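Asker: Sharing a structure here in C-alpha cells format.
Just so it is clear, none of the values below were taken in a lab; they were calculated from the coordinates. Please read these numbers as outputs of a predicted model, since none were measured by experiment. Please note: Cβ atoms are built from the backbone with ideal geometry, for glycine as well, and neighbour counts cover all protein chains shown.
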Amino acid sequence: MSVAIGVDSHKQTLAAAVVDQVGKELGSRVFPNDPKGHRRALKWIASLPSGRVVGIECAGTYGAAFAWFLMERGEDVREVPAHQTFRERHRRRSAGKSDPVDAIAIARVVAREDHLPAPKQLGLVSDIRLLNDHREQLVRTRTQLANRCHRDLVILRPGYQTQVRSLRSKHHVRGALDLLAEDNSIRSELARARLEQMLTLNDEIYAVGKRIEALLKKTHTTLTQIDGVGTFVAATILGAVGDVARIRSRAAFASFAGTAPLEASSGMRKRHRMNRGGNRQLNRALHVVAKSQSRRLPQARAFVGRKMEEGRSYKEALRCLQRHLTNVVYKTLVEDAQRQQAA
C-alpha cells in the first residue's frame, strides 16, 4: 500500500483525505455525493500513487453508490466500520470533529488495518432484508390500528370480545365490521375505516410474506432447520448479518448480536448482566428462538433448568441459552456460505 484514502460519506457530500503508510496527512478534499462529484473524486484519486486503498465509512448506505462506482473502475475499496473511526478520532481529540477530520481518521484506519472487508452487494439477502423490514412496518401499523379499534369498540360495543375474540384474523375483523354496521356515529365511522385498512394490510402482509418465503428458498439457507427458526426469523437473521465472512469468530458474532455476557459481579457475588449493545434486530430474533426452544424442546428446557439450579434467574438462564444458540446460528451461517462458495 503506497497511500490510504479515507472517505466520510454523507447524504450530500463526500469528504476524502489521503495519508501515507505511517498516517501522515497528505491532503483532503470535499466532493458532492452525486454522479458529477463521483467523477471528480475518481479523477482526484487516480492522480494519487498506484497501490492505493480507498476506505469508505457507510459503504452500505450513503457511500454505497460511490463504493461501487470506484470498484467498477478497478479501485481497491474497503469498508471501514464506524466504531473504528470513532476510536481513531478520539485518539486525537485536539483535532476536533468535522468531516475532513473524520476522513483522516478513516484513512489512518485503512493504513493500519490489513483485513478490512470489501463492500459486497448481497443480492438476495439485501432483497430479503428490505422486504422483511417492510413487512415488520406493516405489522406495526396493523397493531396500532387494532389497538385504536379496540378502544373504539369498548366504547361502542361493551363486551364485544365475546363475539370477536381478537382483531388479528380477517374473519374477526369482518365480525367487528358487522357489529358496527348499523351505527352511524363519527366514532363508528372512523372505526370502520380503520377496520377496512386492517383488511387491506392483512392482504399486503400475506403477499409480502410469500415473497420473503420464495426468496428465502433461493438462498438455500439451512437456518430454518434449527428448532424455533421460522421463515421470518431466518429472514431477520440473514438481513442483519449480511455477509457472514465479515465476522471472524463465534465470539465476534456474539458481540455483534449483543449476546456476549457482560460482567456485573460485586464482592462475592459473581454474575453477568444483559448486553444492551449489538444489533438489536438480530438479538430479538435469537431471543424469539430461545423462548420457543425453552417451551418446546426438552433439551433446551433441561439446559434452562440446570442454569437455574446453579442460582441464576430464569431471565439469566434464558440469556445463557441465547448465547449458546448464537454459536449454533453462526456455525450454520458459515457452513451455508462455504457450501454456496463451493457450488
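Asker: At a 10 angstrom cut-off on C-beta neighbours, averaged per residue, how do the peptides 75-84, 107-116, 285-294, 151-160 rank from highest to lowest? Each step should come with its number before you reach the end.
Answerer: On the way: 75-84: 17.6, 107-116: 19.2, 285-294: 21.7, 151-160: 14.8.
By packing density, highest mean first, the sequence is 285-294, 107-116, 75-84, 151-160.
Asker: Also, I was wondering about something else. What is the Å³ per residue value for the convex hull set by the Cα atoms of segment 18-154?
Answerer: Working: hull volume 23.3 nm³, N = 137.
Hull volume over Cα atoms, normalised by residue count, gives 170 Å³.
Asker: Sort out for me the Cα centre separation of segment 298-331 from segment 134-208, rounded to whole Å.
Answerer: Using only Cα atoms to place each centre, the spacing works out to 39 Å.
Asker: Right, something else. Using only Cα atoms, tell me the angle between helix 314-342 and the longest principal axis of the chain; keep it within 0 to 90° and round to the nearest 10.
Answerer: With both axes taken from Cα atoms, the answer is about 60 degrees.
Asker: Let me ask something else. Once every DSSP H run of n ≥ 4 in the chain is given -39500 (n - 2.57) and the sum is divided by its residues, what mean residue ellipticity at 222 nm do you get, rounded to the nearest 500 deg cm²/dmol? Mind showing how you got there, number by number?
Answerer: Numbers: 12 runs with 197 residues, N = 343.
Dividing the helical sum by the residues of the chain leaves -19000 deg cm²/dmol.
Asker: Can you tell me the order of 21-27, 195-201, 61-67 when each peptide is scored by its average per-residue count of other Cβ atoms within 10 angstrom, highest first?
Answerer: Details: 21-27: 12.4, 195-201: 16.7, 61-67: 19.4.
Output ranking for 21-27, 195-201, 61-67: 61-67, 195-201, 21-27.
Asker: Continuing with this model, one more query. Let me test this: with uniform point scatterers at the alpha carbons of the chain, what is the Debye-based log₁₀ I(q)/I(0) at q = 0.08, 0.13 1/Å?
Answerer: -0.58, -1.09
Asker: Determine the shape class of segment 138-278: with a ≥ b ≥ c the square roots of the Cα gyration tensor eigenvalues, call it rounded for a/c under 1.5, and otherwise prolate if a/b is greater than b/c, oblate otherwise. Each step should come with its number before you reach the end.
Answerer: Values: a/c = 3.65, a/b = 1.83, b/c = 1.99.
Note, shape of segment 138-278 comes out oblate.
Asker: I'd like to know how segment 201-343 sits against the 2.2 N^0.38 Å rule of thumb: what's its Cα Rg over that expected value? Walk me through the intermediate numbers first.
Answerer: Details: Rg = 16.6 Å, N = 143, 2.2 N^0.38 = 14.5 Å.
Expressed relative to 2.2 N^0.38 Å, the Cα Rg reads 1.14.
Asker: If you take the charge dipole of the chain about its Cα centre, with +1 on Lys and Arg Cβ and -1 on Asp and Glu Cβ, which of A234, F253, Q299 is farthest toward its positive end?
Answerer: Ranked along the dipole, the leading option is Q299.
Asker: Would segment 1-44 count as rounded, prolate or oblate if I go by the C-alpha gyration tensor, calling it rounded below 1.5 in a/c and otherwise prolate when a/b exceeds b/c, oblate otherwise? Kindly include the intermediate steps, with their values, before the conclusion.
Answerer: On the way: a/c = 2.94, a/b = 2.04, b/c = 1.44.
Prolate, since a/c reaches 1.5 and a/b exceeds b/c.
Asker: I would also like to ask the following. Which of rounded, prolate or oblate describes segment 276-325 when judged by the alpha-carbon gyration tensor and an a/c cut-off of 1.5? Let's see the in-between values first.
Answerer: Working: a/c = 2.85, a/b = 1.47, b/c = 1.94.
Note, shape of segment 276-325 comes out oblate.
Asker: While we're here: Give the relative contact order (percent, whole number) for the chain; include only Cα pairs under 8 Å separated by 6+ residues. It would help to have the intermediate numbers written out before the result.
Answerer: Values: 459 pairs, mean separation 43.1, N = 343.
Relative CO of the chain lands at 13 percent.
Asker: According to the Kirkwood expression over distinct Cα-Cα pairs, how big is the hydrodynamic radius of segment 166-228, in Å? It would help to have the intermediate numbers written out before the result.
Answerer: On the way: mean 1/r = 0.0706 Å⁻¹.
In segment 166-228 this quantity evaluates to 14.2 Å.
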